[in-house]
Amino acid sequence: MAEMRQAASLKSIEELKQKLGVSDAVFEGTKAANGWKSGRQVDEQEFKEACEAFRKAPVNGSMEDKEAKG
């Protein structure tokens, strides 16, 4: 029964992109960062968290917060 509820809450990432108004750049970046292919189905909360993580990630791709040295 839990599997039925879980499956019902999954939506394709393309549907969620459209529903949440995510830009093409953020969508494609989120897909690449998470290794997602077109048609992937995820929970809406997982999609939101992945998009937010992508938006907050440094542009150079490093995971460390380095302080500039002068």
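Observations
- Approximate spin-label separation residue 45-residue 26, in nm, with each point projected 7 Å along Cα-to-Cβ: 2.0
- Within the full protein context, the accessible area of residue 24 is estimated at about 100 Å² for a probe radius of 1.4 Å.
The values are calculated or read from the model by the stated rules, or taken from the named source; none is laboratory data. Predicted, not measured: the structure shown is a model, and the values here were computed from it. Positions of Cβ are backbone-derived with ideal geometry, glycine not excepted, and every protein chain shown enters the neighbour counts. Keep in mind that these areas ignore ligands, DNA and RNA; they rest on the heavy atoms of the full protein, side chains included. Shrake-Rupley method; radii C 1.70, N 1.55, O 1.52, S 1.80 Å.
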